Amino acid sequence: MSLRRSDNDGGELLPPPQWPADVHSWPADTLLRRVAYTAVRALYALRLDAGEAEVALGGDGRVSLRRARPLGAAELPQAVLKPLAEWYAASGGDADRQGILLGADPEFALLRPDGRLASAARFFGAGAAGAAGTDALLVRRRLLYPVAELRPAPAADPAALAANVRRLLLRAAAKVSDPSLRWVAGAMPLPGLALGGHIHISGAPLTGRLLRCLDSCLAYPLALVEDPAGRGRRPRYGGLGDFRHQPHGGFEYRTLPSWLIAPAAAKAAFALALLCAREAHRMPRIPACGERYAAAYYAGDRSELAGCLDDVARTLSATESYSALSAYIEPLLDAARQGKTWDEKRDFRYKWRVPL
C-alpha cells in the first residue's frame with residue numbers, strides 16, 4: 001500500500017506505512033486504518049487477493065484512491081505471501097466442515113407511534129455490553145446509542161442460532177416497558193437509519209474467495225427480498241465483501257441488512273453463510289461474479305440482479321452441504337424469484353412469536 005499526503009491534487013508520496021506485526025489486524029491509527037480500508041476495498045472490487053493501491057490522505061482526513069494494480073508473486077513480500085498461502089492451504093478439501101461456528105450481531109430499532117426513533121439506550125443502557133445492548137452512532141459530533149443490538153451465543157447450525165436469537169428477543173422484550181413502541185428491522189426502516197445483520201464465522205479461513213461467495217450466494221438473494229427503501233443503505237453501508245476480524249479468531253461479514261425482519265430470513269442467511277464457509281473452496285467457480293450484478297446491487301436494480309438467481313441456485317444445489325440446508329435456503333430463493341419483499345414498517349415481533 002502506498003500513501004500520498006495531499007492538501008490538493010498533488011502531494012508527496014510517502015513510504016509504505018508500518019503494518020501491525022499481526023497481519024490479521026488493522027492498523028491502530030484511525031487515519032491509517034481508513035487508508036488501509038480504502039485500499040482493501042479497491043483491490044477487492046478489482047477481484048484481487050493481493051495488489052498495490054495508492055491512496056491519497058487529505059489534510060481534512062479524507063481519503064481517495066489514486067490507482068490500484070495487481071502484484072506478481074515476485075513482488076509480494078514474504079510477510080504477505082506466506083500468510084496468504086497458508087490461508088488458501090487451510091481452505092483446501094480436508095478442512096473440517098463440522099468445526100465451523102456461526103454467530104451474529106443483528107440490529108433493530110424502536111419507533112414511537114408518531115414514527116420517530118426512540119433511543120434504545122433508555123432500556124438497554126448506553127453502549128451496554130452483554131447479550132442485548134446498543135450500538136453507537138455519531139450525530140453532530142455527539143455519540144448516541146439509538147439502535148439496539150443482539151449478540152446471541154454461537155451455534156453450529158441455522159436452527160440453533162435462530163433459537164438463540166429468539167431467546168434474546170424474549171429477554172429484550174422484558175426490558176422494554178413501553179408497549180406503544182414498534183420494533184423494526186431490515187435495511188432502512190426509517191430514512192437515514194441503516195441497520196445491519198452481521199454474521200460471524202469461525203473455523204473457516206477468511207479469503208477473498210469466501211467473501212465473493214458470500215456476496216453472490218447470500219447478499220444478492222437477500223437484496224432481492226429487502227424493502228425497496230433499503231437501497232438507501234448502500235453504498236455507505238452494505239458494501240460487498242465488507243468484513244472485520246474478530247477476537248474469537250474468526251471474522252464478521254458486515255454486508256447484510258438486519259435479517260431480524262423474520263425467522264425465515266434469519267435462517268436463510270445463516271444457512272447460506274454456513275454453506276459458503278463449507279463449500280466456497282470446493283465450488284468449481286463462484287456464481288454471479290460479473291460486474292453487472294455488483295452494479296445492479298448498488299443501484300438497487302432488481303430486474304438485473306434477479307438474473308443471477310438461476311446461476312446461484314444451480315451452484316448451491318450442486319454442493320454436498322445443500323441437501324441438509326435446503327429447507328432454510330429454498331424459501332428465500334423462491335421469494336426472490338416471485339418478486340416478494342419484506343415489510344420493514346411492520347413490528348417483527350409477530351414473526352418471532354415474541355409477546356407484545
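Taken together, the residues in segment 265-285 that are hydrophobic (A, V, I, L, M, F, W, C) and more than 18 Å from the chain's Cα centre (by Cα) amount to 1. The numbered conditions (1) within 22 Å of residue 352 (Cα to Cα); (2) of a type in the set (D, E, K, R); (3) modelled with pLDDT under 95 are all true for residue 182 except (3).
Listed by first and then second residue, the pairs with beta-carbon distance under 9 Å, at least 6 apart or on different chains, first residue in segment 222-238 and in the same structural domain as residue 185 (by TED's automatic domain parsing), second acidic (Asp, Glu), are 226/344; 227/343; 227/344; 229/344; 230/344; 233/226.
Give segment 299-336 a look and list any residue that's outside any helix (DSSP H, G or I) and without any contact (Cβ under 8 Å) to a residue 60 or more places away in the chain, or say none. Answer for segment 299-336, where residues must be outside any helix (DSSP H, G or I) and without any contact (Cβ under 8 Å) to a residue 60 or more places away in the chain: 301, 318, 319, 320.
The one condition from (1) over 24 Å from residue 38 (Cα atoms); (2) surrounded by fewer than 24 Cβ atoms within 10 Å (Cβ to Cβ) that residue 221 does not meet is (2). Candidates in segment 35-56 are the residues that are in contact with a Leu (Cβ under 8 Å, 6 or more places away or on another chain) and not aliphatic (A, V, I, L, M); of these, the one that is modelled with the lowest pLDDT is 49.
Residues in segment 249-265: is at least one in contact (Cβ under 8 Å) with a residue 60 or more places away in the chain, closer than 17 Å to residue 198 by Cβ and aromatic (Phe, Trp, Tyr)? The answer is yes; a qualifying residue exists. Within the bounds of segment 335-348, is there any residue that is among the hydrophobic types (A, V, I, L, M, F, W, C), assigned by TED's automatic domain parsing to the domain that holds residue 188, modelled with pLDDT of 95 or more and more than 24 Å from residue 260 (Cβ to Cβ)? No, because not a single residue in segment 335-348 is among the hydrophobic types (A, V, I, L, M, F, W, C), assigned by TED's automatic domain parsing to the domain that holds residue 188, modelled with pLDDT of 95 or more and more than 24 Å from residue 260 (Cβ to Cβ). Residues that are of a type in the set (Ser, Thr, Tyr) and in contact with a helix residue (DSSP H, G or I) (Cβ under 8 Å, 6 or more places away or on another chain) within segment 241-286 comprise 253, 255, listed in sequence order.
The values are calculated or read from the model by the stated rules, or taken from the named source; none is laboratory data. Source: prediction; values computed, not measured. Quick reminder, even Gly has a Cβ in these numbers, built from the backbone with ideal geometry, and neighbours come from all protein chains shown.
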